[in-house]
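Report on the following structure.
The values are calculated or read from the model by the stated rules, or taken from the named source; none is laboratory data. The model shown is predicted, which means the values in this text are computed figures rather than measured ones. Every residue, glycine as well, gets a Cβ built from its backbone with ideal geometry; the counts of neighbours run over all protein chains shown.
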Ligand code: HEM
Ligand code: SF4
């Protein structure tokens, strides 16, 4: 998972919906937890974060 | 507000303070989206109303051609010389000034700061419920929803709780008095700033651990804020934080009062409340913002003139079938929901984490106390018109009929 910091406006849909994958920084902007790899069981919620980010700031790089 | 002629044609003469709009704007927007997606009116000195998600988003992102110098549409346009800061930074500011003015506020409303306010908010919601003890019918807007944001923001700012009635009056005046004559509007603003100035002077004499003292100590562009800037910022927080959240909590309770299946589901599955809140925010988004056109231009075929308004209807965008599946239905567990209730782009609601916490706690406490409640009389529900729409009278039955 990658968050484009230039697009993120801190809506918090990602860290609220998938706290294992995203976390807020000190002003509420999203950042990925760890190296951004998502275990299979969290994939659905990670994809929802992509679909719900109002700024289209999150992308998935498949590996 | 009824200070104007009733609207007969929504495509060429719309008015967001019309009683028909206040009572139920959705059919108006649905029709416009199909037939005239960017409507116009000659009222307020000229204004446009985009109703599609795509158009609302494009204008929200276009800070080059649309200014935030005033986000509340009325006959009054603040002088252009106030740009780029505007009357109430950061909501009235354009880039590049906007960024730092906003940055200064974000830590106050960060998720971590908001979390710390949750226990007090919950205790306060419970107090409001306790005061209803023994009653069968209560007004969920007047006796519950309205008090929560007032109490939370007054606490944060360090203003006395006993003044709650006073600031509700100011807020009402600014947001709902848009069709009053200019002199009357100006009087309201002067009264608000006079009130705030007194408290700011107190805080200068005697600093405390609250938001007013924090702001007095903050710097912008390398300089301490002067007391007037602090007053403007506080004025913004009162105006942006109260009616909006009151409306969102009220609309949520209204929906659950008339929709037993959704109510029962949330009572049985409290963990669903955060998802439900996003859907309620989508379907009943309370806030519409305004912009001013900077220069004459052709915007997607619309001949927009400098100083005309644009009403950014986030509520209508949230009902656009091109963006949402079954937009007119409240699907209480809707998972894919990229709604715009808190705006889009650089002005994203700075208080959104706080507002979500207040909504969640308010609903949790309410549902816990009243697992079954319903509308006393749908016709007795009264909605505010204008740019912040929510139930202002909401009688619900919480006890035996
Ligand atoms: C459910 C409740 C709320 C809703 C729906 C809401 C909605 C909005 C919207 C749509 C904007 C965008 C303005 C624009 O594009 O011009 C906004 C901005 C703002 N809101 Fe809220 N709001 C809510 C609650 C709050 C609260 C509780 C506060 C703080 C106490 C707050 C403070 C602000 C501020 C400071 C801005 C300006 C941000 C900027 O210009 O950078 N709001 N709000
Ligand atoms: S949902 Fe999008 S805009 Fe919001 S914090 Fe996450 S990445 Fe940023």
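Points to keep in mind about this one:
- Candidate set: the range A:1-18, residues that are crowded, with 20+ Cβ neighbours inside 10 Å and more than 9 Å from chain B (Cβ to nearest Cβ); chosen: the one farthest from the chain's Cα centre (by Cα): A:8
- Where strands (runs of 3 or more DSSP E) fall entirely within the range B:263-367, none has at least 3 residues that are within 16 Å of ligand 2 (Cβ to nearest atom) and at pLDDT 95 or above.
- Restricting attention to the range A:16-52, the residues that are within 11 Å of ligand 2 (Cβ to nearest atom) and either touching a helix residue (DSSP H, G or I) at 6+ places or on another chain (Cβ under 6 Å) or closer than 19 Å to residue B:279 by Cβ (or both) total 15.
- Subset of the range B:36-67 [closer than 18 Å to residue B:328 by Cα and out of contact with any helix residue (DSSP H, G or I) (no Cβ under 8 Å at 6 or more places or on another chain)]: B:54
- Residue match in the range B:285-297 (condition: under 23 Å from residue B:34 (Cβ atoms) and in contact with a helix residue (DSSP H, G or I) (Cβ under 8 Å, 6 or more places away or on another chain)): yes
- Top-ranked residue of the range B:92-143 - restricted to ones that are in contact with a strand residue (DSSP E or B) (Cβ under 7 Å, 6 or more places away or on another chain) and either without any contact (Cβ under 8 Å) to a residue 60 or more places away in the chain or part of a helix (DSSP H, G or I) (or both), ranked as nearest to the other protein chains (Cβ to nearest Cβ): B:111
- Residue A:12 being touching a strand residue (DSSP E or B) at 6+ places or on another chain (Cβ under 7 Å), within 16 Å of ligand 1 (Cβ to nearest atom) and free of Cβ contacts under 8 Å to residues at least 24 places away in the same chain: yes
- The criterion of being in contact with a strand residue (DSSP E or B) (Cβ under 9 Å, 6 or more places away or on another chain) and either assigned to a strand (DSSP E or B) or more than 13 Å from ligand 1 (Cβ to nearest atom) (or both) does not hold for residue B:379.
- All positions within the range A:36-56 that are more than 21 Å from residue A:7 (Cα to Cα) and either more than 11 Å from chain B (Cβ to nearest Cβ) or surrounded by 18 or more Cβ atoms within 10 Å (Cβ to Cβ) (or both): A:38, A:39, A:40, A:41, A:42, A:43
- Check on residue B:168, farther than 30 Å from residue B:397 by Cβ, surrounded by 14 or more Cβ atoms within 10 Å (Cβ to Cβ) and either out of contact with any helix residue (DSSP H, G or I) (no Cβ under 6 Å at 6 or more places or on another chain) or at pLDDT below 90 (or both): no
- Among the residues of the range A:1-11, the ones that are touching a helix residue (DSSP H, G or I) at 6+ places or on another chain (Cβ under 9 Å) and within 24 Å of residue B:62 (Cβ to Cβ) come to 5 in all.
- Residues of the range A:19-28 satisfying the condition of being within 12 Å of chain B (Cβ to nearest Cβ) and either crowded, with 21+ Cβ neighbours inside 10 Å or part of a helix (DSSP H, G or I) (or both): A:22, A:28
- The single condition among (1) in contact (Cβ under 8 Å) with a residue 40 or more places away in the chain; (2) closer than 23 Å to residue B:111 by Cα that residue B:324 does not satisfy is (2).
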